[in-house]
Amino acid sequence: MGTWSEEPFGNDTAADWAWELDEADSWAFVTDVLQGYAAGDEDDADRDAIAVAAAAVVAHGSGLPLSEEEDAESVEGFLARVGAPPASVVALARAALDKVGGDSELAELWDESDEIDDWRATLARLRDALPA
C-alpha cells in the first residue's frame, strides 16, 4: 500500500475510494462501506483504510474541517450534494474507527512505523469530531 501520510486519505487505497465520491449522490455510498466493515470478519489493511476514509467523510460532514494535507475536492463536492450525515451513519463511523484503532491489520502496520502516534492522533481527531 502506497502511504504518504497518516491522514485518512493519505494512501493509495483510501485516495482511490475518495475519488468515487464524485459519483455518489447519497449517504448510502458511505453507509454501505461502514456496514460492510462492521459485518466483516476479514482483517485486511485495504478494508481498514477505506473504513477510515469513510469515517473521515462522516467526521467532515459533521463539521470537522479538512486538513491541508487532504485532497478535499471529492469530499467537499460529496458533502455539498448530500448534507450532514444521519445519526445512524455517525454511529457506524464511530464503531469503524474503534475497530480499526484496535486489533486491525492496518493498526499492526502502523505499529511498525515511527508515525504510529501521529496515526493514532488522526483517528482520535476523527472520533472526537463525531457527535454523540
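List of remarks:
- Averaging Cα coordinates gives a centre for segment 36-73 and one for segment 98-129; these two points are 12 Å apart.
- With the simple model of a label 7 Å out from the Cα in the direction of the Cβ, Ala84 to Leu109 spans 3.4 nm.
- Over the chain: helical MRE at 222 nm, DSSP H runs n ≥ 4 each giving -39500 (n - 2.57), nearest 500: -19500 deg cm²/dmol
- The chain, dipole about Cα centre (Lys/Arg Cβ +1, Asp/Glu Cβ -1), debye to the nearest 20: 900 debye
All of the numbers you see were taken from the coordinates with simple rules; none came from a lab. Note that the coordinates shown come from a computational prediction; the quantities given were computed from them, not determined experimentally. Methodologically, a virtual Cβ is constructed for each residue, glycine included, from the backbone with ideal geometry; neighbour enumeration extends over all protein chains shown.
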